[in-house]
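Below you'll find the structure, written out as structure tokens, and then a few comments.
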Amino acid sequence: MTQSTPYKCKICGRPGVARYDDSCPINSLQAWVSMLAHDRCHDYAIARRRVERSISAVCDTILRTRVHDNFPDDVTVERAKHTVESARPILSFLTHRYADICCAYHHLQTIWEPDFPQQLLDHPDKSKLIMTTYVQGIKTLPRPKTA
Ligand SMILES: [Zn+2]
């Protein structure tokens, strides 16, 4: 028989109701409930994480060029510059995608500025902080009124 239980979404913190069949045993209902998220929130988290990983990978490539080569000669400096310039359009694309995902989830028009990928190019070691700051920033914006 189908049962239902209230839960608090682990991503947005809002309440939800989960349904389960009591013929399918759940070891710990409390533990199961603590892991639940709304479908929409879950999809958002997966999509966001996927882009975050891609952005981090590009930033790691920039960092590797900077740290290990240590700019000992002109050839290496040129290679490092080339890596940054190659990363620019990729980070521009990825940050657009990231902004689309985050703003859609928060019911906002996409907010993107060239400063976003530029910050990542300037501070690839702080990519996680830059992405977190972006999300925190859009969370504070007023939501459009729904009819
Ligand atoms: Zn949720």
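Taken together, the values in this text are just the output of simple stated rules run on the coordinates, not laboratory data. Just so it is clear, the model here is predicted, and its values are computed rather than measured. Virtual Cβ from ideal backbone geometry, glycine too; neighbours counted across all protein chains shown.
Normalised by 2.2 N^0.38 Å, where N is the number of residues, the C-alpha radius of gyration of the chain stands at 1.42.
Test of understanding: what is the full-extension gain from Gln30 to Ala45, defined as 0.36 nm times their sequence separation minus their Cα-Cα distance? Could the numbers behind the result be given before it?
Details: separation 15, 0.36 × 15 = 5.40 nm, distance 2.22 nm.
Stretched out fully, the Gln30 to Ala45 stretch lengthens by 3.2 nm.
How far, in degrees from 0 to 90, does helix 74-105 lean away from the longest principal axis of the Cα atoms of the chain, to the nearest 10? So the inclination is approximately 20 degrees.
Mean-square fluctuation check for the chain, GNM, Cα pairs under 10 Å: which of Val135, Val17, Val58 is largest? Highest fluctuation of the listed residues: Val17.
The stretch 14-61 and the stretch 101-136 have their alpha-carbon centroids 22 Å apart. The count of lysine pairs in the chain whose Cα atoms are under 28 Å apart, excluding pairs fewer than 8 places apart on the same chain, comes to 11.
Going from the residue with the fewest nearby Cβ atoms within 10 Å to the one with the most, Asp73, Asp43 rank Asp73, Asp43. Once the Cα atoms are used to define both axes, helix 39-69 deviates from the longest principal axis of the chain by about 20 degrees. Here the extension length gained between Leu141 and Asp125 equals 3.1 nm, from 0.36 nm per residue of separation less the Cα-Cα distance. As an equivalent ellipsoid, the stretch 10-80 spans semi-axes of 48, 12, 9 angstrom, where each value is the square root of five times an eigenvalue of the C-alpha gyration tensor, largest first. GNM remark for the chain: springs join alpha carbons under 10 Å apart, and the peak mean-square fluctuation among Ser92, Ser54, Ser23 falls on Ser23. Full extension of the chain between Arg79 and Arg19 yields a length gain of 16.0 nm, computed as 0.36 nm times the residue separation minus the alpha carbon distance. Kindly write out, for the stretch 6-19 in residue order, the coupling ³J(HN,Hα) from the Karplus curve 6.51 cos²θ - 1.76 cosθ + 1.60 (θ = phi - 60°), rounded to whole Hz, with x marking Gly and Pro. After applying 6.51 cos²θ - 1.76 cosθ + 1.60, I find x, 8, 10, 4, 6, 9, 9, x, 7, x, x, 10, 9, 10 Hz.
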